[in-house]
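The values are calculated or read from the model by the stated rules, or taken from the named source; none is laboratory data. Remember, it's a predicted structure, so these values are computed and weren't measured experimentally. Cβ sites come from the backbone with ideal geometry, for glycine too, and all protein chains shown count toward neighbours. Heavy atoms of the whole protein, side chains included, go into the accessibility calculation; ligands, DNA and RNA do not. Shrake-Rupley method; radii C 1.70, N 1.55, O 1.52, S 1.80 Å.
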Amino acid sequence: QIVAIDSIQKGDLLRVKPGEKIPVDGSIKEGESTIDESMISGEPIPVDKTAGDKVSSGTINGNRTFVMVAEKVGSETLLSHIIEMVNSASRSKAPIQNLADKISGYFVPVVVGISVITFIVWAISGGVHAYIYALVNAIAVLIIACPCALGLATPMSVMVGVGKGAQSGILIRNAESLEKMNSIDIVIIDKTGTVTEGKPSVEKVISITPGISDKDVLLKIISLNSSSEHPLAQATIRYGADKNIEVLPVTDFEAITGKGVTGILEGKKLALGNEKLMEEIKAIISIELKEQIISEQKLGKTVSYLSEGNTAIGFVVISDKIKESSKEAIHNLQKEGLKVIMFTGDNEETARAVSNTLNLDGYRAQMLPGDKLAEIKRLQAEGKKVAMAGDGINDAPALAQADIGIAMGTGTDVAIESAGITLVKGDLKGIAKARLLSQKVMKNIKENLFFALGYNTLGIPLAAGVLYPFFGILLSPMIAALAMSFSSVSVISNSLRLKSVKLL
């Protein structure tokens, strides 16, 4: 049955045929295909999708059919958000526009003054037709000096630059973010979902308590995590499902940001999380358990403690593969003279292992959302221009505080709303692309200002009749109008050159 897009409701099952555009955001329920996502991510190579994978409206299905579940419709879809962000950014004003406005504030009265002086000079020395020459030349000065090109110089470049960014999978919320990207000194990156794929998987679950098996520890972990939306929690739930472990009901569940989760199972208080959570609940950690966990962390693995009552009884080892593009992206940023530092809520050993693998300029481990925020404020107090890249709810305060917040499009809505720039594909290479785009746009704006002011600087004396005493040439107001339009054409043509810029 063929239906109108605006009649699709959340939860509807939709069949997408080969070659068709995907109508709304959702996930594949049945079948598999390759999908051209170039209009969203800027990536020209089609992406393989199977059951459970997310698909976005506006992207194009390949040569197979599949059934999808509608999850976001209308204004909620990614495509609608992109359109709204591009429109909003195109209407916004870059700080450099203040320079153009300031110039215009002096320029207009100066031009009016020159026009009046031109009239007076010609009225006094113009001979028989003095007042005719005075009026014509005064009008020619006003026409040729029209500051419309000056007004176009910044918004034209911003509009084309924002559109170019959207084509390449870089969504820019406002022109200020685009301009500031050119001046950053330090890039702060989150680990999970930013440097890593954000698709963690459980490697093993270990019990260190006699009488409690590994399976019992897994049961307690997945039951506790069944109420959590954290990616690490979902990884344990998938692992439990593969092992056919039944989830038991948990009461008094509480998620403690940056630390872990707690709850009551069968009358016993459970806590699952990092060492800070264990310290908070005053759980006893045996030397044997501590040694095992440190050995896993040195391999770059994420480890969560499980405590029952006031004793740590086991742990779960989770690995999250580093994105293939992360190392290259970080290297490219460092080549440009930027320092790249990682902030993570993970432990010291894991953070060090990831930092060494990626050759980072530094890292901070076991950081809560407030710690990330405070550290960025400290760097800014030292005069640094800071960009922060993250994807989670815990990154939102830091994203909002940074000079430039960069959200992964694969992350949470809260992070995206807190950021000035969103990388649709969630790839760190997008930071280098955004920086290059910023440099090109700022250079283009300065060229536009030169064209706008250059024409006026040359044109005003000609329109005033400075050549008449030497060559007997006067500039007709009609010719002045034509010359004035050339400055606007030059600004527009120069701005459109941004469409051909290659972003890495």
Original post:
the stretch 247-335: which GluC sites (Glu not before Pro) are DSSP loop and have at most 15 other beta-carbon atoms within 10 angstrom?
Top reply: Glu266, Glu324
**OP:** Using a 1.4 Å probe and ignoring any ligands, DNA or RNA, find the accessible area of Asp361 and quote it in Å² to the nearest 10.
**Re:** 80
Subject >> Backbone HN-Hα couplings from phi across the stretch 206-219 [Karplus 6.51/-1.76/1.60, Hz, Gly and Pro as x] >> reply: 10, 9, 10, 10, x, x, 10, 7, 4, 5, 5, 5, 4, 4
Original post:
Given a 1.4 Å probe, how much area per residue of the chain is accessible, in Å²?
Top reply: 48
**OP:** Compute, for Asp371, the solvent-accessible surface of its heavy atoms (probe 1.4 Å) with the complete set of protein chains present, and express it in square angstrom to the nearest 10.
**Re:** 60
Subject >> Heavy atoms of Met442 accessible to a 1.4 Å probe, total area in Å² rounded to 10 >> reply: 20
Subject >> Centre separation in Å (Cα based) which lies between the stretch 52-76 and the stretch 429-465 >> reply: 42
Original post:
FRET efficiency for Leu13 and Glu246, Cβ-Cβ distance as r, R0 = 35 Å, nearest 0.05?
Top reply: 0.75
Original post:
Helix-derived [θ] at 222 nm for the chain: sum -39500 (n - 2.57) over DSSP H runs of at least 4, divide by residue count, nearest 500?
Top reply: -15000 deg cm²/dmol
**OP:** Calculate what fraction, in whole %, of the accessible area of the stretch 355-504 sits on carbon and sulfur atoms when a 1.4 Å probe is rolled over the protein chains.
**Re:** 62
**OP:** Please determine, in degrees from 0 to 90 and to the nearest 10, the orientation of helix 148-167 with respect to the longest principal axis defined by the Cα atoms of the chain, where the helix direction is its Cα long axis.
**Re:** 30
Original post:
If you average the sequence gap of Cα pairs under 8 Å that are 6 or more apart and divide by the length of the chain, what percent do you get for the contact order?
Top reply: 17
Original post:
In the structure displayed, which of Lys339/Lys425; Lys21/Lys180; Lys49/Lys429; Lys384/Lys443; Lys220/Lys259; Lys269/Lys301 lie more than 28 Å apart, Cα to Cα?
Top reply: Lys21/Lys180
Subject >> Carbon + sulfur, % of accessible area of the stretch 255-310 - ligands and nucleic acids excluded, 1.4 Å >> reply: 53
**OP:** With everything on Cα atoms, drop me the angle between helix 287-297 and the longest principal axis of the chain, reported from 0 to 90° to the nearest 10.
**Re:** 40
Subject >> Sequence-distant residues sharing a close amide H with Arg364 (under 5 Å, placed H) >> reply: Met342, Phe343, Thr344
**OP:** Would you kindly state how much longer the chain becomes between Leu482 and Lys204 on full extension, computed as 0.36 nm times their sequence separation minus their alpha carbon distance, in nm to one decimal?
**Re:** 92.5 nm
Original post:
Percent antiparallel among DSSP beta bridges with both residues in the chain, to the nearest 5?
Top reply: 70
Subject >> Nearest-ten-degree value, helix 429-464 long axis tilted from longest Cα axis of the chain >> reply: 10
